[in-house]
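For reference, the structure is listed below as structure tokens.
Nothing in this text is a laboratory measurement; each read-out follows from the coordinates by a stated rule. All figures in this text were calculated on a predicted structure; none of them were measured in a lab. As a convention, Cβ positions derive from the backbone with ideal geometry for all residues, glycine included, and neighbour counts pool all protein chains shown.
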Amino acid sequence: MNPIFEKLHHVCIVVSDIDRTQAYYEAIGVGPWIAYPPLAEYEDLNVPNPVAFSKMQYRICNLPNIQLQLCQPSEDPSPQRDFLNKKGEGVFHLGFEVKDADTAQATAGISVKMSGRRQNRTGFTYYDTEEKGGVVLLTRSTNKQGT
């Protein structure tokens, strides 16, 4: 087993209306939800469209064993918008926690789709796994506990 994919951290669901989806989950007892910190904190950003990236809205729900994420992309072109347009709402990626984002990316042995790092080098890497694995895999090193 590749050790960077040992600790599942979150499931990210792309949605067209984040408020409606959050309200639904809350109505069935899944919550509370909080807004994810601004995406502007990523200084070293390798994404197809930085403007679209900065406009995405995220909400997270920390359950006892996993985090759920809702992502509403803007109308601007992005992998998340492409997914929503082609497939509709659904699971965009599975996120795995790693100690070091750079080391995980360097040792993954998988092509990288997107990545972002904060000043302290915590951050994320999306891997090109959707076509062969059915879903995008992501590794992340957490900046603050629970986020």
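Straight Cα distances below 18 angstrom link Lys132 to the lysines Lys86, Lys87, Lys113, with same-chain residues fewer than 8 positions distant left out. Each pair of Cα atoms in the chain enters the Kirkwood radius, and Stokes-Einstein at 10 °C and 1.306 mPa s then converts it into a translational diffusion coefficient of 102 µm²/s. With a cut-off of 20 Å on the backbone N, the residues of the stretch 81-104 near the modelled label site 7 Å out from Ser16 along Cα-Cβ are 81-93. Dipole magnitude for the stretch 1-130: about 80 debye, using +1 per Lys or Arg Cβ and -1 per Asp or Glu Cβ, origin at the Cα centre.
From the residues Gln57, Trp33, Ser78, which one has its Cα farthest along the dipole of the chain in the positive direction, the dipole being from +1 and -1 charges on Cβ of Lys/Arg and Asp/Glu about the Cα centre? Checked the options; the winner is Trp33. With all pairs of separate Cα atoms included, the stretch 65-147 yields a Kirkwood hydrodynamic radius of 13.7 Å. Here Lys7 is the anchor, and the lysines within straight C-alpha reach of less than 18 Å, apart from those fewer than 8 places off in the same chain, are Lys99, Lys144. Positive end of the dipole of the stretch 32-147, charges at C-beta (+1 Lys, Arg; -1 Asp, Glu), about the Cα centre: which of Gln67, Phe92, Ser115 has its Cα farthest in that direction? Projecting each Cα onto the dipole axis, the largest value belongs to Gln67.
The distance separating the Cα centre of the stretch 96-147 from that of the stretch 1-59 comes to 14 Å.
Diffusion coefficient (Stokes-Einstein, Kirkwood radius over C-alpha pairs, 4 °C, 1.567 mPa s) for the stretch 1-65: 91 µm²/s, rounded to a whole number.
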